[in-house]
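Take a look at the structure below.
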Amino acid sequence: MTRQWIQAGWGLLLLVMVAGCESSGTKDEPRDDAGPAVEDAGSGEDAGPGTDDGGSDAGVEPLACEKQQGVCAGARRAWVDGAYEPECTARSYGADYEAAETRCDGLDNDCDGVTDPPSWSRVTSLETAYGRFSSLKTDSGVFVSIGDGNRVLILRLSSELSIQGTASVSMPWIRTGATEGSLLTAKLLRMGDRLALHYSTTSRSSDAPLRAYLVPLDNQGAPIPEPEEGLVEHLLFDRPLERGGTQVAASSMGDRLLVTWNSGTERSPPRQVMGMVTDAQGQVVTAPKVLFSSATDSVPYSSNALWLRNGEVLAVIRDEKSHGFSFTVRLRRFDANLDPVDGERSFDTTNEPIPRLVDLGATRGGPLESPVLVMRASSAPDWINKLQVVQNLFNGGQPETWAEAPTNEILWYSALADEGVLRLGWLSVFKDHQAPPPGGDDWLGWNGRLWTLDEGQAAVDRSPDSEALPLHRYAQWVLLEKLEPRRMGALYMTTTPDGSSLDAVRYCTP
């Protein structure tokens, strides 16, 4: 009996030894059991950088990843398919990682030390350095019109600012055999649920007549064809004795169009700014009326207009003094029949002001509280070129300087309201007049830097590199459009002796 117990004891001892050997492993092997030495990686949503649903090596600390900035800070190699990643991927870096950053989320997603970087692109080469440019964002894309010579070219761009389609509107003398003229202005408008193009022309041999047109466009930016190979086009007016270009503004409902223009010359006074209202088919709603008149020593120029949310119209002009570089910006409200409401406001400057009106919308108050005036200005003693903004236009608001150009530089700017926030973009331009012009062309050799400013933030240099942008003397402008939530786009032209290009930058907003 004792002998049987001894045999049973040896058997039990051997069984325990074998089980112990099978459950142990070498120090360098990962363990897959559920013992206390193994950390549960959890679900993929909760796991941070350096973890994976497949588990981790309890004995060997995973190596740190190659990238350690931004969202990659602290990342270690993830355990994937039975081994640690030899080179870190998104499995190691986490859900916020992007190999090439595309998001505007306030994070350094590609871990290069730069948060929400801008991206630059060349949209297209252009046939000419001249042109009347405008842009408009719709659900179908970003539309850019380029008016020059015998047509207005219309580009449809994606939110990446790459070309998705093109269309054009030929001038009347090309389509109808009318007397050849010159294109003065061209601008894209939103008329109700569709696009439209407004343009004006004059005689090539004189200042008159002044003609204004409205061309409805489809959602691809193309004119509407007519059966006899023409296009739908509305002649807004034909002024045999008028001169200069036109300014336009569409009502918020898109059913009315305000057109303003300059009237009179030194030889045929008085010099005035006129205005009229048409419907979306070009039919006159309010006949031409005088909006502003000027003294004999000033020349008034129509500059900009804005339909207010209460149905009134706000118009701004600039008076240029005939005795030198002195300007007065004048603005006034009008009712729906273009009759004055209250008195004028005016601001003096020694620099060409280029005044623009922007409505920041209901989030900034009522229809008389939300409009702002943006303009260029300079004055003694420094004569620095500035961008100024006037808020509370009808409650005594005064100009506030938002940006300044370096000494001897000029600002060419654009302004946009984005969900109640005013955003500005501009070229700060200079030229070394002592240096020979590129290619011997005196209209080249202008240089600039591209800047943007978001209300409440500091100005940011958006130039693509350290070199100044090469600019043409008569092609210095910036177009701003909202592309996506928290993303803006700026379009501008560069020109060298080899030709001109439409360039763009996409950037994130705060």
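Think of the chain as a dipole: +1 on every Lys or Arg Cβ, -1 on every Asp or Glu Cβ, centred on the Cα centre; then among Leu161, Trp173, Ile410, Trp173 lies furthest on the positive end. Karplus-derived 3J(HN,Hα) values for the range 277-282, using 6.51 cos²θ - 1.76 cosθ + 1.60 with θ = phi - 60°, are 10, 10, 8, 5, 9, x Hz; glycine and proline are entered as x.
Near the amide H of Gln164, within less than 5 Å, lie the amide hydrogens of Arg156, Leu157, Ser158, all on another chain or at least 5 residues away, with H placed in the peptide plane. Seen from Ala336, the other residues with C-beta closer than 14 Å to its C-beta sum to a net charge of -1, counting Lys and Arg as +1 and Asp and Glu as -1. In the range 407-510, inverting the average of 1/r over every pair of distinct C-alpha atoms gives 14.4 Å as the Kirkwood radius. Between Leu483 and Met488, Gly489, the built amide H atoms are under 5 Å apart, and every one of these is 5 or more places off in sequence or on another chain. For the chain, the tally of Lys pairs with Cα-Cα distances below 24 Å comes to 7, considering only residues 8 or more apart or on different chains. Each of (i) 1.13; (ii) 0.95; (iii) 1.40 is a candidate for Cα Rg over 2.2 N^0.38 Å; the one calculated from this structure is (iii). Centre-to-centre, using Cα atoms only, the range 289-329 and the range 159-203 are separated by 26 Å. For the range 262-275, backbone phi angles converted through the Karplus equation (6.51, -1.76, 1.60; θ = phi - 60°) give residue-by-residue couplings of 8, 10, x, 9, 4, 7, 10, x, x, 8, 9, 10, 9, x Hz, Gly and Pro being listed as x. Rounded to the nearest 10 degrees, the angle from helix 2-23 to the longest Cα principal axis of the chain is 20 degrees.
Look at the dipole of the range 130-406 built from charges on Cβ: of Ala295, Tyr213, Met276, the Cα furthest out on the positive end belongs to Ala295. Here the sum of -39500 (n - 2.57) over DSSP H runs of 4 or more residues, divided by the residues of the chain, equals -1500 deg cm²/dmol at 222 nm, to the nearest 500. In order along the range 132-140, phi translates into HN-Hα couplings of 10, 9, 8, 9, 7, 9, 10, 5, 8 Hz, rounded to whole numbers, per the Karplus curve 6.51 cos²θ - 1.76 cosθ + 1.60 with θ = phi - 60° and x for Gly and Pro. Across the range 130-406, Cα-Cα pairs farther apart than 37 Å form 13% of the total.
Bear in mind these aren't lab numbers, they're just calculated from the coordinates by the rules spelled out. This structure is a prediction, so every number in the text was calculated from the model and none was measured. Cβ sites come from the backbone with ideal geometry, for glycine too, and all protein chains shown count toward neighbours.
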